[in-house]
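Structure, as structure tokens:
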Amino acid sequence: MASMFGKARVSAERPPQSVAECNVAVLGCRGAGKSALTVKFLTKRFISEYDPNLEDTYTSEELVDQQPVLLKVMDTADQVRAGQRRCRGSTVLCSPLLSPQDGPVNCERYLRWANAFLVVYSIEDRRSFEGCGRYLDVLARHARGCQRHSPVLLLGNKLDMEPYRQVTKAEGTSLAARFGCLFYEVSACQDFAAVQHVFHQAVRELRREAERGTALRPLFIAEEQPCVPTAARHGLASCTINTLSTVNLKEIPSVAQAKLVTVKSSRAQSKRKAPTLTLLKGFKIF
């Protein structure tokens, strides 16, 4: 295939390796700076004007801790119920007058798509901070319903507006602790490194969750027999898991084929050790 410079492009002999994917949804009330954070991360540039009704998904190839990842970011547009009032362009989601059923609507579009979430508020707008409580509550109820824990990061944006701060850092820390999520304060118009760190931290948290899920997932060998309990019953020494390699079930010996060793004395035990059955079990992280 010819490139734009007219030279033939030679395809690689070996197929490209699959790159892990991470879907991050950026949530929050209008005016919190969701689009500004997204654009800052993707382009290192700051935008001050944008369409608040525009919702889009962007893709960026990132290198996080020397590991490539295809990071997809959904910049969501705040959608609310018709009965809620607006003030200064922001929606009051946590007003005491609202019932427990009120709050963000049409959440399924990002709850099903994303596996990590950034919930953003502006430190100069208390209403946007109060709105984060509704978003965090929706995410918590979704996690309980589907029995899947997705990393959530709470972000206090517009740190450059410190003289006009309405939400203290202690309040942000307390809200994050209440829902068990990480908390950061950033500025979309100033520090690119801090914004990049937040998105990369979402990837790191997702990797940790995947590793925890892999460790807790039951392992099966031939004839769908659990590895760890069976090995213990037959005196096998250990079962090693490698989460980064693939597995070939034909190469794994069944329990019936494994040689069992009966230890008769301490002297015989020193000469001959019990064999170790090693499993290489691969799981896709994302």
How compact and how long is segment 20-216, expressed as Rg and Dmax of its alpha-carbon atoms in Å?
15.9, 49
Over segment 20-216, what relative contact order in percent results from Cα pairs under 8 Å that are six or more residues apart?
25 percent
A chain fully extended from residue 146 to residue 108 at 0.36 nm per residue, minus the present Cα-Cα distance, gains in nm 12.4 nm
Treating only the Cβ atoms of Lys and Arg (+1) and Asp and Glu (-1) as charged, compute the dipole magnitude of segment 114-201 about its Cα centre; round to the nearest 20 debye.
460 debye
Across 44/169; 72/158; 72/169; 44/158, pairs whose alpha-carbon gap is larger than 18 Å
44/169; 72/158; 72/169
Can you compute the FRET efficiency between residue 169 and residue 49 using 1/(1 + (r/R0)^6), with r the Cβ-Cβ distance and R0 = 22 Å? Round to the nearest 0.05.
0.20
Report ³J(HN,Hα) in whole Hz for each residue of segment 24-29, in order, from the Karplus equation J = 6.51 cos²θ - 1.76 cosθ + 1.60 where θ = phi - 60°; Gly and Pro get x.
10, 9, 9, 10, x, 6
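What does the net charge come to around residue 69 if you take all other residues with beta carbon closer than 11 Å to its beta carbon, with K and R at +1 and D and E at -1?
Net charge in that neighbourhood comes out at -1.
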Please rank 155, 182, 54, fewest neighbouring Cβ atoms within 10 Å first, as an exposure proxy.
54, 182, 155
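We did not get these values from a lab; they are worked out from the coordinates using the rules stated. All of these numbers come straight from a predicted model, not from anything done at the bench. Backbone-built Cβ (ideal geometry, glycine too); neighbour counts: all protein chains shown.
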